[in-house]
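> One structure, as structure tokens, below. Some questions next.
Values in this text are rule-based calculations from the coordinates and carry no lab data. What you see is a predicted model, and the numbers here were worked out from it, not measured in a lab. With ideal geometry, Cβ positions are generated from the backbone for all residues, glycine too; neighbour counts draw on all protein chains shown.
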Amino acid sequence: MNREKRIPVIAGNWKMNCDRVKAKELICQLKETITNPVCGVVLCVPFTDLETAVELTKNTCLKVGAQNCHWAASGAFTGEISAGMLAEMGVEYVVLGHSERRQYFGETDETVNQRLRAALDAGLKPILCVGEVLSQREQGVTEEVVRQQVKIALGGVTKEEMENIIIAYEPVWAIGTGKTATAQQAEEVCGQIRGAVAQLYGQETAQALVVQYGGSMKPENAKELLSMENVDGGLIGGAALKAADFTAITEAANQ
Ligand code: PGA
């Protein structure tokens, strides 16, 4: 398989934005504007919007994702949501290991791995986020950092299960900052991620893997980023909250 055969996926990461009224409004707009995409389109919404999103996107090309899940099936984990609970309500994807979870909520490569295992066991498709912080880039250790994040997160994952995983390269310094990685920087690290997966699972699996770029992707830079050989889509934060911008990015991915 090569680039031509991979179907790009554009996922919106709404983060902690949009109450139910706003969510409904935004999804209804997106249903009008994104009708026949070549790429996959996923809306990763807050837990409280999942039911609305699942309901409103039935029989459309829009898929729904959550932004985290716990590793246990159930139990005394106050405030947490299990992968099974998400799957049961019709959620298809889950973002795992986002840098904001690593930064503010003590997420580690090991807990990301546990959550990823649970997500796969429940039949969810994880969007695994990896990426370096600015000091790591400046020290020239981006490849090592990302490779380690990928390897630990994928511990215990089989070759077959890799078909259900997306990896998002999100340089932490580019998230919500307006500073986008250049297309060359994104290409380089997305290629290294594919290389790490090739080492673990072989070329065929690596070539089939969807590797997204995330970090201040917007209509103005989407086309260039998405034209890169190893960039198969995007994980979009801020621009996912505006119907016109998110739609434009999906259109850039269709070209
Ligand atoms: P951003 O966020 O597009 O607002 O930079 C991306 C993300 O955090 O997934």
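> Looking at the stretch 48-63, I want the residues that are within 19 Å of I127 (Cα to Cα) and in contact (Cβ under 8 Å) with a residue 24 or more places away in the chain and have a partner that is outside any loop (DSSP other than H, G, I, E, B) and basic (K, R) with Cβ atoms under 8 Å, at least 6 apart or on another chain. Which pairs are those?
Final answer for the pair search is D49/R20; L62/K31.
> Let me ask something else. Could you say which residue among I167, I249 is over 28 Å from E25 (Cβ atoms) and either in contact with a His (Cβ under 6 Å, 6 or more places away or on another chain) or within 14 Å of the ligand (Cβ to nearest atom) (or both)?
Numbers: I249 fails: over 28 Å from E25 (Cβ atoms).
Residue meeting the stated conditions: I167.
> Another question, then. Identify, by number, the condition in (1) assigned to a helix (DSSP H, G or I); (2) touching a residue at least 24 places away in the same chain (Cβ under 8 Å); (3) crowded, with 16+ Cβ neighbours inside 10 Å; (4) touching a helix residue (DSSP H, G or I) at 6+ places or on another chain (Cβ under 8 Å) that Q148 doesn't meet.
With respect to (1) assigned to a helix (DSSP H, G or I); (2) touching a residue at least 24 places away in the same chain (Cβ under 8 Å); (3) crowded, with 16+ Cβ neighbours inside 10 Å; (4) touching a helix residue (DSSP H, G or I) at 6+ places or on another chain (Cβ under 8 Å), Q148 is out only on (3).
> Just one of (1) hydrophobic (A, V, I, L, M, F, W, C); (2) buried (at least 21 other Cβ atoms within 10 Å of the Cβ); (3) free of Cβ contacts under 8 Å to residues at least 24 places away in the same chain trips up V41, so point out which.
Single failed check for V41: (3).
> Please find, among G97, G131, G140, the residue that is out of contact with any helix residue (DSSP H, G or I) (no Cβ under 6 Å at 6 or more places or on another chain) and at positive phi.
Values: G97 fails: out of contact with any helix residue (DSSP H, G or I) (no Cβ under 6 Å at 6 or more places or on another chain); G131 fails: out of contact with any helix residue (DSSP H, G or I) (no Cβ under 6 Å at 6 or more places or on another chain).
Only one candidate passes the filter, namely G140.
> Now, a different point. Having 1 or more residues that are over 20 Å from the mean Cα position of the chain (by Cα) is the bar; report the helices (runs of 4 or more DSSP H) wholly within the stretch 1-120 that clear it.
On the way: elements: 20-33, 50-56, 83-88, 99-104.
Answer list for the stretch 1-120: 20-33, 50-56, 83-88.
> On to the next question. Sort out which residues of the stretch 151-192 are among the charged types (D, E, K, R) and in contact (Cβ under 8 Å) with a residue 12 or more places away in the chain, and write them in order of number. Working first, answer last.
Residues of the stretch 151-192 that are among the charged types (D, E, K, R), as a first pass: 151, 159-161, 163, 170, 179, 187-188.
Once the filter is applied, which keeps residues that are among the charged types (D, E, K, R) and in contact (Cβ under 8 Å) with a residue 12 or more places away in the chain, the stretch 151-192 yields K151, K159, E161, E163, E170, K179, E187.
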